[in-house]
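Undergrad: Quick one: structure below, then a few questions.
The values are calculated or read from the model by the stated rules, or taken from the named source; none is laboratory data. The structure presented is a predicted model; accordingly, all values stated were derived computationally and were not measured. For neighbour counting, all protein chains shown are included, and Cβ atoms are generated from backbone atoms with ideal geometry for every residue, glycine included.
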Amino acid sequence: MRSLLYLATFFIVTPITLLTSVFALKVVSAKPPLDPLADIEQTATQVQAPRYGSRVYAAIPDPVGKVAGAATVGDARVEIIRQYLEKYDSPLVPYAEQAVKAAEENELDFRLLVAIAQQESNLCKKIPENSYNCWGWGIHARGTLRFSNYTEAIETVSQGLKENYLNKGYTTPEEIMRKYTPSSPGTWAAGVTQFLSEME
C-alpha cells in the first residue's frame, strides 16, 4: 500500500515539476534584451581616470548611440602638452601643437622638448633676454645662441636633438645628459625624467 502511494505521488509531482520548469524557461527567454546603452554606461563607470593630472574631455553620448566624430592620438598629445604648459603659465602655450608636430617630424618623444625646457628655463621664464632660447641650446662660455622667435627655436632644437643625439644613439635622458650637459652630476637627467612622467 505504501509503495502504491509513493508511485502515485511520483507520477503526479514529476509532470507538474517538468511543466513548471518548461514554463519558467519560456518566460525567461521571452524577456526583452537589455538596453545596449545601459551596458555602455555600466562599463564606462568602471574605467578609471588617467594617471596623469591632465583633464580629459569627452562629449556626452548621443541617446541613439551615433558616433559623430573620433579623437586622434595627435589631439591627445597636443592637449597634454597644452595643459602642462598652461599649468606653469609658460609663454609656450600657443606653441603646444607646433612642439608636438616638430617632435613627431624628428622622431622624438612628444614630451621631450617641453621636459628639457622645464629643466633648463622653468618653461621659458628664465632665459637670456630676447633669446627665445628655453632649452639652453648653444649657451656656453663663448656666447649665447639666440633665435628670432619660439617657432624658430622649436624647429632648431628638435632638429638638433634628432641629428646630434637620437641619430647618434643618445636616446634616454641619462645618455642625452652626457653630451648635453656633461658637468651635471645626474640632476639634469633626473629632472627631465620627472617632467616626462608628469606628462604621461
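Undergrad: If I filter segment 110-130 down to residues being free of Cβ contacts under 8 Å to residues at least 24 places away in the same chain and not in a helix (DSSP H, G or I), which single residue comes out as surrounded by the fewest Cβ atoms within 10 Å (Cβ to Cβ)? Steps first, please.
TA: Restricting attention to segment 110-130, the residues satisfying the condition of being free of Cβ contacts under 8 Å to residues at least 24 places away in the same chain are 120-121, 126-130.
From what is left, the residues that are not in a helix (DSSP H, G or I) are 126-130.
Details: LYS126: 9, ILE127: 22, PRO128: 14, GLU129: 6, ASN130: 9.
Looking at the filtered set, the residue picked out is GLU129.
Undergrad: Could you pull out every one of the helices (runs of 4 or more DSSP H) wholly within segment 140-200 that has 1 or more residues that are more than 27 Å from GLN83 (Cα to Cα) and assigned by TED's automatic domain parsing to the domain that holds PRO128?
TA: Values: elements: 150-164, 173-180, 187-198.
Correct list: 150-164, 173-180.
Undergrad: Which members of segment 162-193 meet the condition of being loosely packed, with under 13 Cβ neighbours inside 10 Å, of a type in the set (Gly, Ala, Ser) and farther than 16 Å from ASP109 by Cβ?
TA: Once the filter is applied, which keeps residues that are loosely packed, with under 13 Cβ neighbours inside 10 Å, of a type in the set (Gly, Ala, Ser) and farther than 16 Å from ASP109 by Cβ, segment 162-193 yields SER183, GLY186.
Undergrad: Considering only segment 179-192, state which residues are of a type outside the set (Phe, Trp, Tyr) and closer than 17 Å to VAL157 by Cα. Outline the logic, then answer.
TA: As a first pass, look at segment 179-192 and keep what is of a type outside the set (Phe, Trp, Tyr): 179, 181-187, 189-192.
Result: LYS179, THR181, VAL192.
Undergrad: Sticking with this one: Does at least one position in segment 89-109 carry a residue that is crowded, with 22+ Cβ neighbours inside 10 Å, aromatic (Phe, Trp, Tyr) and either in a loop (DSSP other than H, G, I, E, B) or modelled with pLDDT under 95 (or both)?
TA: no
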